[in-house]
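Inspection log for the structure reproduced underneath, given as structure tokens.
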Amino acid sequence: MKDLAMIIKLMILEKRDIFYSIIFGFIAGITAVGLFAASGYLISKAALTPPFYTLIILTSSVKLLGITKAIARYAERYFSHRATFTILSNLRVAFFNKLEPLAPGIFHKYRSGDLLSRVVGDVETLQHFFLRVFYPPIVLLLVFISTILFTAFFSIYVAIVLLVGLLLTVFVVPALFARKQVKIDRRVREQRGELSTEAAEFLNGFRDLKIYQKLDEKEQHLIQSSDAYINDQEQENINKLTSQSVNAFMSLIVSWCVLALGAYLVFDGQLEGILLAMLVMISLTVFEDAGPMAVFPIHYQDSKRAANRLSAVVEHENEDGIINGDKALSQSDHAFPIYMENVSFSFPDEPRQTLRNIDLKLPAGSKTALVGPSGSGKSTLFQLLLKMNHTDQGDIQLDGLSINQIEQESIWANLNVVLQENHFFFGTVRSNLLIADETLTDPEMEAALAKVELDYLSLGDAVYEKGENLSGGEKQRLAIARTMLKNAHIWLLDEPTSSVDALAEETIYRHLFDQAEHDTLVLISHRLRNLEKMDQIIVMDHGKIIESGTFAELMQQQGYLYEMKQIEKDLL
Amino acid sequence: MDSLRKVTFGYKWQLSFLFALSVITAVAIILQAYFLVTIVDRVFLQQLTFSEIVWLLWGLLAILLIRTTASYINGRIGIKIGADVKASYRKSLLHKFAGTAISSSSQGQSGGKVSTLLDAVDEMDSYFSAYIPQLIQTSIIPLIILGVVFSQHVNTGLIMVITAPFIPIFMIIIGMQTKTKSEEQQEKLAAFSGRFLDTLQGLTTLKLFGQAKEQENAIEKSSLSFRDATMQILKVAFTSSFMLELISMLSIGIVALELTIQLIIYERISFFTAFFLLVLAPEFYTTLKQLGSTFHSGRSSMGAAKKVTDALTDTEQPVQWGKKNLPAELMPAVIRLQHVSFAYGEGQFSLKNIATVIPSYGQIAIAGRSGSGKTTLLHLIAGLLPAADGQIFVHEKPLMQYREKDWFDQLSYISQHPYLFSGTIEENIAIGGNSDASREEIEHAAEQAGIADLIQTLEDGYDTRVGEAGRGLSGGEMQRLALARAFLKKPSIILFDEPTTGLDLYTERILQQSIQQLSRDATVITVAHRLHTIKHADNILFLENGNLLAEGTHDELVETVPEYRNMVSLQQGVKNE
């Protein structure tokens, strides 16, 4: 409930549209009741051969009510939908603002992109919160109360029957079915998740399944999961249908009671016969609006769940213990040194330390290669330098300042980073490069593309979400081009060319080292190439630095690197 | 949507049942009005005693029950058909995908296919569970009501006949206006929601470039412009229901006016008839209007159905296997490629006219720059993709004439990214075996692949769960697990996509040794990224832009092919640094 309160707070920002929605909803509902009441009265009156002018007044008021109702319904829909979409926009922005400071730390917690797509789905789900959960009950209650008060004026008993009907159709019946619905709902969702996982496995693991002749088996399995899922969906629909049918029958029963009671009262002389048709018509009409209440609990549950999950995501504030300092690195046009002193780090939930007692000196303008087998802690070391994780022990100094005192943003502003995974956005090659610097000109960008041998792309070429239409090598090259366009002087490159072939790699490195001539540069490299150009080589294994020195020194030493190089030569 | 209609007619008896239920509902509607009006008439005008109308009240109650039950059963039948259709479509889709998934997964389209399989199929539901039953009701109930009305009072009937067509006409006019617009909007919506996700996923990148804050405005701006665009569409939709309401309202008004005039001025009809018709009139128009609202969900269903049928009629050909035996003792047989071509689609990458002979126990390397078609060629040889043109011969018979099982039983494919299935490590290795492998055989294979030590350090050993929702393995560990699969299988043909990235040197060494060991009893075709591999190959297939530019040994190619020399000399240079 607390989480929904947050949503409501955001919603209230649109109070004018909400107010209009309710007002027009009420007018539409009450005029519908009035319309049928008047026509019931009209026809009864007509039977008594009244003076002609009363009929004229009655018929024209029926017409007027009809038109008012149609207009009010239109206005209600217009304002409620406008409010909904504005609320959705507010929600997206609010959520983005909450998530933004938590990135990128939060992404380590939820490694799969699944979380994010769920988040987007949840925001989308919440559009029903206003449209189906929040304001319709208010309108419904207003219409019912007014109607009941109106009927009470003619017969208190009929009013009581209507009140009981209201309680039954709006509260009791939906509540009865809601519990079952929640249970089935959960099962349907689980089945769906299972089916989707299996379908993804079927398509992604297709080649291995095919070659190992397990495809038919898997297909049968998938069909079974699908059938189970469809079966549960069917149960869900049946439950919904039953609830709607019971509710509809209930409201018909109420009108029947009104008729029976009215008939009795007329007979008993407590009610004028001319009013009977009117009361029955009122009852039939007013309960038409109660129908949607059958689905109210479903939307309510959906919204609550979505809100809970959203706040669960953003509530992780600063669990990773990063202290965001207030000092800024000066936006300098020269490189600065980086030191690590006795740094250790372990990921939460992992007993083994990922980095152990790392001492590292990267003088200003130096070129360092970080090598070692996968899983030795090289990328984690980068994360610490980027202040994406907090050291357990030891200190990191950038330009003489302790990393704990420096603002994250100012660190990033001073770094040229290429990570193993680089994101590209839906748009064009141009729009993706402009992220580096909005003031770039086309010739500048084209030059950068040429340096990474991507000059066959034009700046206007489309890029899909996550760069889906680019190959792995193209993505890496584009990422390097983008970084080269950013004017910083510290380079952190994490296997930037692992999917690029040797020929292109050579060209790219030549341009890269030209540009970074006076800069501090750290390169994580899997291949042991171009190492002699580096000022120092750090060799890591199992989270420790096991060797460091120039290429010549290490080769002479005939230690770990020497052995790696021998194997690589052997492999070549 | 002919296909949907065809599917619908497959449910003959359910349809007749729906028809019958509609007739029952229509009769119930009429009787309900009849009883209601009779009661009011008797109490109000004839002033009968309460006990004289009690039987009428009970009759009315029974009718209400019948009407609700009929609509309930109606709904149940719709739900049943919907579930049935979904199940059968999902089955066909799976079958289709099973035939053609390799090119889509290599083109990164798996996500779209999962969505078709789940979402699009789910969306088809409402066509059958809501639209069809409503369509049947709308085609029957108004007619029966109209018949009754005509029998009571011709003028009212005439008014209804004249006004009723305005409802469908309006629906069609407005439908035509909104259709293209709303389809555009649907695309925009999908694109927009993708955009928001895109921004969230790229947050790390944005922050590193100091651009995250700017996105707040962008999100708000695009959200609001999306709102405004949607409101334009919705306004038309609201206007349409406004018009429909107005038409039915005016029509009922005319009916009421005519009845009143007849009742008072001409005194030609009774109060009973007038009230009866006045109760029936809204029922008549409501059924017509309801079709309008279900029409909308019906149409989005049709869109989903189109997606599904498109996927089903996708021209992409599945690989068709034959029935010929491929005796294991013939393997490894000579593989001959005769002018083999393949294209992923029009204007997309294609392999052209590949011709070569791969001898038994040959060590073949496929070389070329990235994007030259190496992996596609490997898929063709594996029989995972059908050749668009030309043939692959195995033992001088077209590959596709053999039994699928016979071929794959002889084949191992070690890819750069072996797939881990959810299950235990043991199951994941055992998947490579032709029959039920014993635990000992599996452990032996793991030892050969150099992964046994690692497995022993795990708490649950070979029973450790891996894959989805299990323990993740590093790239190197997965490679070694794939090798263990191959050691267990003992294939006579090995297709090997040599890893380019991310392996530790231990795994690299194991991989090299293992392939050598496996190659003693097999033909090995390697997509090569290493000089070592191509130097030791008996024959190198050098690809460029989907063409087989040259073939021969390393020395021959260095000698005669400048493009090859370029590619290699660079690697050579690096080696000799």
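Of the residues A:Leu521, A:Leu531, only one is under 30 Å from B:Tyr564 (Cβ atoms), assigned by TED's automatic domain parsing to the domain that holds A:Leu362 and buried (at least 16 other Cβ atoms within 10 Å of the Cβ); which?
A:Leu531
Every residue in the range B:377-427 that is surrounded by 19 or more Cβ atoms within 10 Å (Cβ to Cβ) and assigned to a strand (DSSP E or B), please.
Residues satisfying the conditions are B:Ile392, B:Val394, B:Tyr402, B:Leu411, B:Ser412, B:Tyr413, B:Ile414.
To keep it simple, each residue is scored yes or no on (1) within 40 Å of the chain's Cα centre (by Cα); (2) facing chain B (nearest Cβ under 9 Å); (3) modelled with pLDDT of 85 or more; (4) part of a helix (DSSP H, G or I).
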| site | (1), (2), (3), (4) |
| --- | --- |
| A:Glu219 | yes, yes, yes, yes |
| A:Asn231 | yes, yes, yes, yes |
| A:Glu234 | yes, yes, yes, yes |
| A:Ser255 | no, yes, yes, yes |
| A:Ala306 | yes, no, yes, yes |
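Among the residues of the range B:287-301, are any at the interface with chain A (Cβ under 10 Å from one of its Cβ atoms), over 28 Å from the mean Cα position of the chain (by Cα) and within 28 Å of B:Gln32 (Cβ to Cβ)? Quick ask: steps written out before the conclusion?
To start, the set of residues in the range B:287-301 that are at the interface with chain A (Cβ under 10 Å from one of its Cβ atoms) comprises none.
No, the range B:287-301 has no match at all.
So that you can scan it fast, the table gives a plain yes or no per residue for (1) among the polar types (S, T, N, Q); (2) free of Cβ contacts under 8 Å to residues at least 12 places away in the same chain; (3) farther than 21 Å from A:Leu381 by Cα:
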{"site": "A:His489", "(1), (2), (3)": "no, no, no"}
{"site": "A:Leu493", "(1), (2), (3)": "no, no, no"}
{"site": "A:Thr507", "(1), (2), (3)": "yes, no, yes"}
{"site": "A:Gln515", "(1), (2), (3)": "yes, no, yes"}
{"site": "A:His526", "(1), (2), (3)": "no, no, no"}
{"site": "A:Met534", "(1), (2), (3)": "no, no, no"}
{"site": "A:Asp541", "(1), (2), (3)": "no, no, no"}
{"site": "A:Ala552", "(1), (2), (3)": "no, no, yes"}
{"site": "A:Leu561", "(1), (2), (3)": "no, no, no"}
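Determine whether A:Glu517 is within 14 Å of chain B (Cβ to nearest Cβ), charged (D, E, K, R) and either farther than 30 Å from B:Lys535 by Cα or in a helix (DSSP H, G or I) (or both).
The answer is no for A:Glu517.
With outside any helix (DSSP H, G or I) and of a type in the set (S, T, N, Q) as the only criterion, which of A:Ser243, A:Ser330 stands out?
A:Ser330
So A:Pro50 passes all but one of these: (1) at the interface with chain B (Cβ under 9 Å from one of its Cβ atoms); (2) farther than 20 Å from B:Met231 by Cβ; (3) in contact (Cβ under 8 Å) with a residue 12 or more places away in the chain; (4) surrounded by fewer than 20 Cβ atoms within 10 Å (Cβ to Cβ). Which condition number does it fail?
Failing condition for A:Pro50: (3).
If you go through the range A:353-378 one residue at a time, how many are surrounded by fewer than 18 Cβ atoms within 10 Å (Cβ to Cβ) and within 21 Å of A:Thr520 (Cα to Cα)?
6
Which numbered condition trips up B:Tyr266, out of (1) at pLDDT below 80; (2) surrounded by fewer than 17 Cβ atoms within 10 Å (Cβ to Cβ); (3) at the interface with another protein chain (Cβ under 9 Å from one of its Cβ atoms)?
Result: B:Tyr266 passes all but (3).
Return yes or no: is B:Ile254 in contact with a Ser or Thr (Cβ under 9 Å, 6 or more places away or on another chain) and either more than 9 Å from every other protein chain (Cβ to nearest Cβ) or modelled with pLDDT of 80 or more (or both)?
Yes, satisfied.
From the set of residues in the range B:125-140 that are farther than 13 Å from B:Leu21 by Cα and not hydrophobic (A, V, I, L, M, F, W, C), which is farthest from the chain's Cα centre (by Cα)?
The qualifying residue farthest from the chain's Cα centre (by Cα) is B:Tyr131.
Could you list, in sequence order, all residues of the range B:138-152 that are crowded, with 20+ Cβ neighbours inside 10 Å and modelled with pLDDT under 90?
If the condition is that a residue be crowded, with 20+ Cβ neighbours inside 10 Å and modelled with pLDDT under 90, then B:Thr138 is the only one that fits.
Looking at this structure, is A:Ala178 assigned to a helix (DSSP H, G or I) and modelled with pLDDT under 90? So that I can check it myself, show each step before the final result.
Working: assigned to a helix (DSSP H, G or I): yes; modelled with pLDDT under 90: yes.
Taking the combined requirement at face value, the residue satisfies it.
When you scan the range A:423-431, do you find a residue that is part of a strand (DSSP E or B), more than 30 Å from A:Pro337 (Cβ to Cβ) and more than 13 Å from chain B (Cβ to nearest Cβ), even just one?
yes
What do you reckon, is A:Asn416 in a strand (DSSP E or B), under 30 Å from A:Glu341 (Cα atoms), more than 8 Å from chain B (Cβ to nearest Cβ) and in contact (Cβ under 8 Å) with a residue 60 or more places away in the chain?
yes
Say whether the condition of being within 8 Å of chain B (Cβ to nearest Cβ), at pLDDT 70 or above and in contact with a Leu (Cβ under 8 Å, 6 or more places away or on another chain) is met by at least one residue in the range A:106-117. Show your work before the answer.
Going residue by residue through the range A:106-117, those that are within 8 Å of chain B (Cβ to nearest Cβ) are A:107, A:113, A:116-117.
Cutting the leftovers down to at pLDDT 70 or above gives us none.
No, there is no match, as no residue in the range A:106-117 is within 8 Å of chain B (Cβ to nearest Cβ), at pLDDT 70 or above and in contact with a Leu (Cβ under 8 Å, 6 or more places away or on another chain).
For the range B:34-75, which positions are free of Cβ contacts under 8 Å to residues at least 24 places away in the same chain, crowded, with 17+ Cβ neighbours inside 10 Å and either more than 7 Å from every other protein chain (Cβ to nearest Cβ) or under 38 Å from the mean Cα position of the chain (by Cα) (or both)?
Matches in the range B:34-75: B:Arg42, B:Leu56, B:Thr68, B:Tyr72.
Just the residues that are part of a helix (DSSP H, G or I) and surrounded by fewer than 23 Cβ atoms within 10 Å (Cβ to Cβ), please, taken from the range A:12-27.
Of everything in the range A:12-27, those that are part of a helix (DSSP H, G or I) and surrounded by fewer than 23 Cβ atoms within 10 Å (Cβ to Cβ) turn out to be A:Ile12, A:Lys15, A:Arg16, A:Asp17, A:Ile18, A:Phe19, A:Tyr20, A:Ile22, A:Ile23, A:Phe24, A:Phe26, A:Ile27.
Free of Cβ contacts under 8 Å to residues at least 60 places away in the same chain and either more than 9 Å from chain A (Cβ to nearest Cβ) or polar (S, T, N, Q) (or both): is that true of B:Ile233 in this structure?
Against the criterion (free of Cβ contacts under 8 Å to residues at least 60 places away in the same chain and either more than 9 Å from chain A (Cβ to nearest Cβ) or polar (S, T, N, Q) (or both)), B:Ile233 qualifies.
What pairs can you find where one residue is in the range A:271-283 and more than 21 Å from B:Thr273 (Cβ to Cβ), the other is assigned to a helix (DSSP H, G or I) and of a type outside the set (Val, Ile, Thr), and their Cβ atoms are less than 7 Å apart, with a gap of 6+ or different chains?
A:Leu271/A:Gly262; A:Leu271/A:Leu265; A:Leu279/A:Gly262; A:Ile282/A:Phe36; A:Ile282/A:Ala37; A:Ser283/A:Leu162; A:Ser283/A:Ser255
From A:Gly559, A:Gly549, A:Gly467, A:Gly543, grab the single residue that is over 30 Å from A:Pro443 (Cβ atoms) and in contact with a Lys or Arg (Cβ under 6 Å, 6 or more places away or on another chain).
None of the others qualify; the one that does is A:Gly543.
Considering each of A:Gly472, A:Gly460 in turn, give the residue that is surrounded by fewer than 20 Cβ atoms within 10 Å (Cβ to Cβ), at pLDDT 85 or above and not assigned by TED's automatic domain parsing to the domain that holds A:His511.
Of the residues listed, the single one that is surrounded by fewer than 20 Cβ atoms within 10 Å (Cβ to Cβ), at pLDDT 85 or above and not assigned by TED's automatic domain parsing to the domain that holds A:His511 is A:Gly460.
Can you tell me which residue is modelled with the lowest pLDDT among those in the range B:414-458 that are closer than 19 Å to B:Leu511 by Cα and acidic (Asp, Glu)?
B:Asp453
Hey, B:Ser92 hits all of (1) free of Cβ contacts under 8 Å to residues at least 60 places away in the same chain; (2) touching a helix residue (DSSP H, G or I) at 6+ places or on another chain (Cβ under 7 Å); (3) surrounded by fewer than 17 Cβ atoms within 10 Å (Cβ to Cβ); (4) within 30 Å of B:Ala311 (Cα to Cα) but one; which does it fall short on?
(1)
Taking the range A:185-212 only, how many residues are touching an Asp or Glu at 6+ places or on another chain (Cβ under 8 Å) and facing another protein chain (nearest Cβ under 9 Å)? Steps first, please.
Our first condition is that a residue be touching an Asp or Glu at 6+ places or on another chain (Cβ under 8 Å); within the range A:185-212, this holds for A:185, A:187-188, A:191, A:197, A:201-202.
So of that shortlist, the ones also facing another protein chain (nearest Cβ under 9 Å) come out as A:197, A:201-202.
Qualifying residue count for the region: 3.
The values are calculated or read from the model by the stated rules, or taken from the named source; none is laboratory data. It should be emphasised that the depicted structure is a prediction, and the values quoted were computed from it without experimental measurement. Using ideal geometry, Cβ is built from the backbone for each residue, glycine included, and neighbour counts are taken over all protein chains shown.
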